Amino acid sequence: MTTTDLVWAVGRLTIGTTVRAFAPLRNYGAERVPRNGGVVLAFNHFHWLDPAAFGAASPRTIHYMAKIEAHRVPGLRQLIRAFGTFSCGRGESDREAVRMMRQIVRDGHALGLFVEGTRQRSGRPGRVQPGAAMVALQEDVPVVCAAIHGTEAWRPGNFHPVSIAWSRPLRFEGLSRNGRGYREASAEIERELHALWAWLVDLHEAGRPRVATPPA
């Protein structure tokens, strides 16, 4: 077990417990996440609570990529780096970030990406950027999508319920390792995320049962 894994174990007991208490969390399909080997976890993003919620729901230690501005905040920088988070420059080509993403999955870890590139203020998932597809194709690892619903309406103290749904691992055999292949794989990731999110919306309207299986 690495130091990062130990930090995550403590975080699940502390931060994870807090998230579950203040944003009642239900988790659907987490058993679909491969327990070993490199994998890209592709998330949608509404709220600053999302990284903690996905972390509490994930069976794997997640190595997140976060905007460089977060790494410049004293205190926050040390916290997120202890959890294995690394930085990238927003809206620019960052070769070091790309190298880090590929190395993480090559080393058999789970890479966590908020694939829209920024929070979606509309309360609906947005367009998927090509980073997740690029890493998956270049390193021949699966992508598991996970959609979150509820944090777009969550505020401290309102106890709004939050749910997460996980996809089966996606493979992109036959797609080329170039811009065209990245676009095609990104479109598939986007369809999967939007379908999972729509399923969660319907599930909340139906009363959010404790046990349910996300669409395959």
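Summary table
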| quantity | calculated |
| --- | --- |
| Alpha-carbon radius of gyration plus Dmax, which is the widest Cα pair, for segment 1-65 in Å | 11.8, 32 |
| Cβ-placed point charges (K, R +1; D, E -1), dipole of the chain about Cα centre in debye, nearest 20 | 300 |
| Charge dipole of the chain about the Cα centre (unit charges at C-beta), most positive-ward option of A198, W8, S186 | W8 |
| Debye, to nearest 20: dipole size of segment 134-216, +1 on Lys, Arg Cβ, -1 on Asp, Glu Cβ | 120 |
| Value of relative contact order over the chain, rounded to a whole percent, pairs C-alpha under 8 Å and six or more apart | 28 |
| Point-to-point label distance, A21-R180, nm (Cα→Cβ direction, 7 Å offset) | 5.5 |
| Full-stretch length increase - A82, V211 - with 0.36 nm per residue and alpha-carbon distance subtracted | 43.1 nm |
| Kirkwood Rh in Å, taken over all unlike Cα pairs in the chain | 17.4 |
| Helix-derived mean residue ellipticity, 222 nm - over the chain, DSSP H n ≥ 4, -39500 (n - 2.57), to 500 | -12500 deg cm²/dmol |
| Between segment 1-68 and segment 160-216, the alpha-carbon center distance in angstrom | 17 |
| Selected from G117, G179, G55 as most flexible by GNM, with the chain as the system and alpha-carbon contacts under 10 Å | G179 |
| Residues of the chain: accessible area per residue with a 1.4 Å probe, Å² | 49 |
| Spin-label pair R99/N158, simplified geometry with 7 Å Cα→Cβ offset, distance in nm | 4.4 |
| Segment 91-195: chymotrypsin sites (Phe, Trp or Tyr not before Pro) falling in loop per DSSP and having at most 12 other Cβ within 10 Å | F159 |
| Principal axis dimensions, segment 93-201 - Cα atoms, whole angstrom, descending | 44, 26, 24 |
| Fraction of accessible area attributable to carbon and sulfur, segment 80-216 (%, probe 1.4 Å) | 47 |
| FRET efficiency, R124 to N36 (Cβ-Cβ, R0 25 Å, nearest 0.05) | 0.15 |
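The values are calculated or read from the model by the stated rules, or taken from the named source; none is laboratory data. Predicted model, so just to flag it, every value in this text is computed and none were measured. Please note: Cβ atoms are built from the backbone with ideal geometry, for glycine as well, and neighbour counts cover all protein chains shown. The protein model used for the area step is the full one, side chains on, heavy atoms only, and it has no ligands, DNA or RNA in it. Shrake-Rupley method; radii C 1.70, N 1.55, O 1.52, S 1.80 Å.
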